[in-house]
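Notes to accompany the following structure.
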Amino acid sequence: MVSIQMKPKANSLTHVAVTANMLEWYDFSLSSFLAITLGRLFFAGDDDFTAIVKSFSVFAVSYLMRPLGSLFFGHLGNRRGAGVALQWATLLMAIPTILIGLLPTYRDIGYTATALMLTLKLIQGFAAGGELPLSAYYVASQSTDQKKGIMTSLVHAGGAFGVLLASLVAFLLGSLFSLSQIEGWAWRIPFLFGLPILLVILNIRKGMIAGGVPPEGNRKKIERVGSTRAKVFVQGALLVAAMEVGFYTLLVWLPNYAEIFLDYSRSDAHLSNTLALVCYITAILTSGFFTKYIGHKEILLSSLCSITVLSYPLFVVLLQFHAFSLLLSVQCLLALLYGSIGGVIMVVLYKLFEDNSKSLGFAITFTLPTALFGGTAPLVCSYFVREAHWLSFPAFYVTLFCVLALPAAFRLSDSAQGSCARDAAAA
């Protein structure tokens with residue numbers, strides 16, 4: 001018997017794309033924005049820098065679980081469909097978020113609280129290995145060629161919206177409550193807010209089809225491409241690493257940097273970050289839309305070159321002058337450049353792995369460099385800024401990864417560029 005799978009309706013697919021990995025990025029970013037508070041509550045130590053380092057250490061360790069999650073959920077996606085794997089990843093991501101909001105603190109039960117926090121973060125890291133890449137793969141596999149660019153940019157924008165929501169919540173938390181109230185009980189509110197977010201997402205995704213199962217005729221083809229698989233993995237991983245190091249350095253870690261090392265107030269640091277995230281999301285959607293007219297390769301190259309040239313001078317200016325408008329301008333400019341990369345990266349990876357390892361290759365290529373370089377970027381930057389007194393190190397770090405990614409972007413073939421752009425050029 002031959003089963004027929006229907007394509008999901010366009011509006012339902014759009015809803016899935018917009019809500020994709022929103023909860024994942026909301027929680028992970030929230031843990032970063034509240035790093036000082038969580039460090040004081042769940043670890044031994046007195047000063048803010050120690051609290052930040054310990055918080056970001058847990059943050060980094062949880063990211064090391066992502067490749068394992070990608071292997072598990074990527075394999076499940078190849079066998080059962082990306083939609084099925086994505087539903088399980090969502091549940092496994094959401095439950096620890098809510099439980100974190102109910103945890104006793106170090107003051108209550110000592111190192112048991114630390115162990116419980118770490119355990120929940122490891123579970124989340126495992127689930128996150130399937131959430132974002134499978135969301136993108138699912139949406140790409142169910143979209144027409146003309147809409148793959150904009151639909152996959154919606155997936156990335158959905159995650160960025162989760163970061164924006166977390167940044168806004170952190171800003172409101174600091175504005176509405178005193179420090180003693182936050183550390184006493186108010187820090188739990190943002191995590192418990194994950195429950196209504198989960199209910200909304202589950203309601204939207206209840207009609208998802210399996211999606212993304214490789215046809216039987218393609219399985220032998222997938223098994224024959226070992227050398228090609230290694231090449232496209234390195235190529236895709238370099239592009240992902242450049243994007244993720246920049247994102248975690250400039251839009252997740254920078255509020256802590258601005259507060260502790262640049263002497264901005266907590267509210268100003270989070271407000272600047274929130275507005276920069278609006279720019280980031282706007283750039284993601286804009287670059288995704290313009291893939292109808294411009295090739296992905298051109299967008300990647302122009303963004304990577306601009307970041308390489310501008311990062312260090314912008315940080316020098318940021319270190320020399322103290323003004324909220326300056327902090328906001330620097331963050332927004334870099335957010336626009338990294339958002340342009342984020343708007344096309346998912347469809348580039350989909351094209352690279354469309355006939356080569358499918359959702360498993362896509363997931364591993366995205367999560368491994370994210371775990372090794374993206375998730376550890378806040379910890380690395382914190383160490384070099386504090387211990388080596390190298391205040392401009394973040395600029396050097398993001399520039400390094402952009403330089404490494406440029407050859408990978410140059411080697412992108414026409415097959416990894418937008419079909420609509422090629423059609424327009426041919427016309």
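The set of residues in segment 121-179 being among the acidic types (Asp, Glu) and either in contact with a Ser or Thr (Cβ under 6 Å, 6 or more places away or on another chain) or outside any helix (DSSP H, G or I) (or both) consists of Asp145 alone. Pairs are defined by a Cβ separation below 7 Å, a sequence spacing of at least 6 or placement on different chains, a first member in segment 127-142 that is within 9 Å of Asn21 (Cα to Cα), and a second member that is of a type in the set (Lys, Arg); the pairs so defined are Ala128/Arg66.
Given the conditions (1) buried (at least 24 other Cβ atoms within 10 Å of the Cβ); (2) in contact with a Cys (Cβ under 6 Å, 6 or more places away or on another chain), which single one is not true for Ser287? Single failed check for Ser287: (2).
The number of residues in segment 102-115 that are surrounded by fewer than 17 Cβ atoms within 10 Å (Cβ to Cβ) and not in a helix (DSSP H, G or I) comes to 3.
Matching residues to (1) in contact (Cβ under 8 Å) with a residue 12 or more places away in the chain; (2) crowded, with 23+ Cβ neighbours inside 10 Å; (3) more than 21 Å from Ser267 (Cα to Cα):
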site	(1), (2), (3)
Ala283	yes, yes, yes
Leu318	yes, yes, no
Phe321	no, no, no
Phe324	yes, no, no
Leu328	yes, no, no
Gly339	yes, yes, yes
Gly342	yes, yes, yes
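Taking (1) of a type in the set (S, T, N, Q); (2) at pLDDT 90 or above; (3) closer than 30 Å to Phe171 by Cβ; (4) surrounded by fewer than 19 Cβ atoms within 10 Å (Cβ to Cβ) in turn, Ser302 satisfies each apart from (3). For segment 154-171, the condition holds for no residue, the condition being that it is touching a Pro at 6+ places or on another chain (Cβ under 7 Å) and under 19 Å from Pro369 (Cβ atoms). The set of residues in segment 307-329 being over 13 Å from Pro394 (Cα atoms) and in a helix (DSSP H, G or I) consists of Val309, Val317, Gln320, Phe324, Ser325, Leu326, Leu327, Leu328, Ser329. Among the candidates Pro96, Pro67, the residue that is closer than 14 Å to Ile364 by Cβ, touching a residue at least 12 places away in the same chain (Cβ under 8 Å) and assigned to a helix (DSSP H, G or I) is uniquely Pro67. Pull out all pairs, ordered by first then second residue, where Cβ-Cβ is under 7 Å, the residues are six or more apart or on different chains, the first lies in segment 353-373 and is surrounded by fewer than 24 Cβ atoms within 10 Å (Cβ to Cβ) and outside any helix (DSSP H, G or I), and the second is at pLDDT 85 or above and not aromatic (Phe, Trp, Tyr). Hits for this filter: Asn356/Val232.
Against the numbered list (1) over 20 Å from His270 (Cβ atoms); (2) touching a Leu at 6+ places or on another chain (Cβ under 8 Å), Thr114 comes up short only at (2). Can you find, within segment 340-398, the residue that is modelled with the lowest pLDDT among those that are out of contact with any Lys or Arg (no Cβ under 8 Å at 6 or more places or on another chain) and on the phi > 0 side of the Ramachandran plot? Looking at the filtered set, the residue picked out is Lys358. Criterion first (farther than 28 Å from Gly174 by Cα and outside any helix (DSSP H, G or I)) does Lys292 satisfy it? Yes. Is it true that Phe289 is among the hydrophobic types (A, V, I, L, M, F, W, C), closer than 23 Å to Gly158 by Cβ and at pLDDT below 90? Criteria met by Phe289.
I want to confirm something. Restricting to segment 14-63 and keeping residues that are among the aromatic types (Phe, Trp, Tyr) and over 28 Å from Gly158 (Cβ atoms), which single residue is modelled with the highest pLDDT? Top of the filtered list is Phe42.
The values are calculated or read from the model by the stated rules, or taken from the named source; none is laboratory data. Here the structure is a predicted model, which means the values were calculated and not measured. Every residue, glycine among them, receives a Cβ derived from its backbone with ideal geometry; neighbour counts consider all protein chains shown.
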